[in-house]
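In what follows, a single structure is set out as structure tokens and then discussed.
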Amino acid sequence: MSDALRFDLSEIESLMQGSARAGHAMSYSGALLALGMAFSRPKMRSLCKVLDEVDRRAAAAGQPELAVLVVRESDGLPGQGWWVGRTRYRGSWLGPEAQAYVQRLQRKAFRYWKRR
């Protein structure tokens with residue numbers, strides 16, 4: 001069984017929606033801890049795959065993406081896998097431009113879920 005199959009999609013959706021309602025992002029290790037797991041790179045990669053599905057479901061429901069709320073502790077930005085999936089963003093994945101882009105998407109999720 002792969003790590004991705006160990007994650008409950010509904011539980012992760014609920015966790016991310018709660019984070020958005022609270023108006024804060026969380027680190028990869030914080031997200032795993034909230035799910036009752038210690039951090040490991042394989043678990044982080046599996047979590048990212050599930051977050052992609054969370055975002056696909058959100059898009060289908062007309063909701064803002066939520067994976068943008070899971071960030072690195074070091075700089076508050078999502079990891080490389082998240083950036084690779086961006087089709088509307090062509091800038092740097094680091095620095096002020098990336099921070100501004102991520103914060104804009106995070107604010108959108110915060111506003112949406114605070115009203116729910």
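The set of residues in region 31-54 being in a loop (DSSP other than H, G, I, E, B) and of a type in the set (Gly, Ala, Ser) consists of GLY36, ALA38, SER40.
Residue by residue, here is whether (1) part of a helix (DSSP H, G or I); (2) more than 12 Å from the chain's Cα centre (by Cα); (3) surrounded by 11 or more Cβ atoms within 10 Å (Cβ to Cβ) holds:
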| site | (1), (2), (3) |
| --- | --- |
| ARG57 | yes, yes, yes |
| LEU77 | no, no, yes |
| TRP83 | yes, no, yes |
| TYR89 | no, yes, yes |
| ARG104 | yes, yes, no |
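The single condition from (1) within 12 Å of the chain's Cα centre (by Cα); (2) surrounded by fewer than 13 Cβ atoms within 10 Å (Cβ to Cβ) that SER10 fails is (1).
Rule-based calculations on the coordinates, nothing more; no lab input. Keep in mind it's a predicted model, so treat the numbers as computed, not measured. Quick reminder, even Gly has a Cβ in these numbers, built from the backbone with ideal geometry, and neighbours come from all protein chains shown.
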